[in-house]
Amino acid sequence: MEGGTAFATVDSTMSAVLENASESFPAIGPRTREGYCGRKPFSRLVTIALVALASACGSGSTSPTSPNASPAPGPAGPPTVRITAAGVNPTEIAVRVGDRVTFINEDVQPHDVAGGPDIAHPDCREIDAVGFLVTGQSRQTAPLPEARICDYHDHSNHAPIFNGRIVIR
């Protein structure tokens, strides 16, 4: 089928349906089908333009990429966990044995960082060095001495968004 033929067939079918519908269901009040029929060509034009735009946008990349490209370097400075009203970020951070992790409270509420997944299961006492942080305050953990996984939580606010993990490698 050619492009114009498909629309002509759809157009004639819709015209027949609309004629039958207007005989069976008379218009109620001042609202009629003319407004819809007047918008139909415009709607069809918009649909065609969007399809053409979408197919042109997905045509591929024009810049070459190297298969040996190295990943972007990580952020400079010590490993850092930021505490905001939305929770901790990142929720998991990887560090080397002997590193310290800096916690920064960027929330308006105070937070009390403690080692372990929750109050009932304390662990990784090096994280307890962070302790209570008021807004704008930061503090580091003690050096993390061995390769392991350390969970931490906010002892003041028990919401899961304030739980995180430090992976020591």
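The values are calculated or read from the model by the stated rules, or taken from the named source; none is laboratory data. Just so it is clear, the structure is predicted and the values come from calculations on it, not from any experiment. Heads up, the Cβs are rebuilt from the backbone with ideal geometry, glycines too, and the neighbour counts pull from every protein chain shown.
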Where His153 falls short, out of the listed (1) closer than 13 Å to Val81 by Cβ; (2) in contact with a Cys (Cβ under 6 Å, 6 or more places away or on another chain) = (2)
Go through (1) free of Cβ contacts under 8 Å to residues at least 40 places away in the same chain; (2) within 28 Å of the chain's Cα centre (by Cα) one by one and return the number of the condition Ala129 breaks.
-> (2)
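State whether the residues of segment 67-79 include one that is at pLDDT 95 or above and of a type outside the set (A, V, I, L, M, F, W, C). Reasoning before the result, please.
To start, the set of residues in segment 67-79 that are at pLDDT 95 or above comprises 79.
So of that shortlist, the ones also of a type outside the set (A, V, I, L, M, F, W, C) come out as 79.
For segment 67-79, residues at pLDDT 95 or above and of a type outside the set (A, V, I, L, M, F, W, C): present.
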